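Note sheet for the following structure.
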Amino acid sequence: MNTTAAAAEAHVTVTTIRHWARRGVIAATKTAGKWVINAASLARRITIGALKRRTPREEAVMSPEPTTDRTDRKAARAANKSLAAEARARVLAAVLPEMPELAGTEKQISWATDIRTRRIEAAIENLRGSHLGIHYCLASIDGDPLRAGDIPGLRSWNSEDDQPTEAALLQAIITAATHKGSGTRRDDRTQAAWWIDLR
């Protein structure tokens, strides 16, 4: 085999083949000023070169199992995020029409309605999704925008094994936004003043 054919087979330059031949990396003889390459020796060199080039990182990437698992996990997370976003949009669309009229002056009502809407949106936006489905825990949301933690007995879901339905979540948010407590002005969330005082 001449150097041109050897270079094509090994995917290297002719200069590299000559260098290998001079150094004894491959078996070759020089006849009339031209190298004649031993095909079996060249095949062994190609195999050794391929093994050396494959680093541990490349082997990990080439291994189908981790790549597949990682891809599956990413796809599952993306799907859950999408499902959670859709659920939040549905809950928000269902909650807002259920809010009762607030009591107070016209100016208070306008101001408190805006505050209440923003707090409901914040509560729903901060709800968590889980790999098992939609997972909600109203009282542990960052900042607890609906002050759900102040309501004794309001259902709070604390583990992925204990998940509410969207209907249960909807009811919990409505309860948190309309709670009347003892009926005093300070506890009654149907009063515009409650939302303004605790804005």
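If only one of Ala103, Ala112 is at pLDDT 85 or above, touching a strand residue (DSSP E or B) at 6+ places or on another chain (Cβ under 7 Å) and within 16 Å of Ala193 (Cβ to Cβ), which one is it?
Matching residue, one of Ala103, Ala112: Ala103.
Looking at region 109-125 only, could you name the residues that are within 13 Å of Gln191 (Cα to Cα) and open to solvent by less than 60 Å² (accessible area, probe 1.4 Å)? Spell out how you get there, then give the answer.
Let us first name the residues in region 109-125 that are within 13 Å of Gln191 (Cα to Cα), namely 109-113, 115-116.
Ile109, Ala112, Thr113, Ile115, Arg116 - these are the residues of region 109-125 that are within 13 Å of Gln191 (Cα to Cα) and open to solvent by less than 60 Å² (accessible area, probe 1.4 Å).
Go through region 15-36 and give me each residue that's farther than 18 Å from Thr47 by Cα and open to solvent by less than 50 Å² (accessible area, probe 1.4 Å).
Trp35, the sole residue that qualifies.
Given Ser63, Ser41, which one is modelled with pLDDT under 60 and open to solvent by less than 50 Å² (accessible area, probe 1.4 Å)?
Ser63
The values are calculated or read from the model by the stated rules, or taken from the named source; none is laboratory data. Bear in mind the structure is a predicted one, so any value in this text is a computation, not a measurement. Ideal geometry is used to build each Cβ from the backbone, glycine not excepted, and the neighbour counts take in all protein chains shown. Surface accessibility is based on the protein's heavy atoms, side chains included, excluding ligands, DNA and RNA. Shrake-Rupley method; radii C 1.70, N 1.55, O 1.52, S 1.80 Å.
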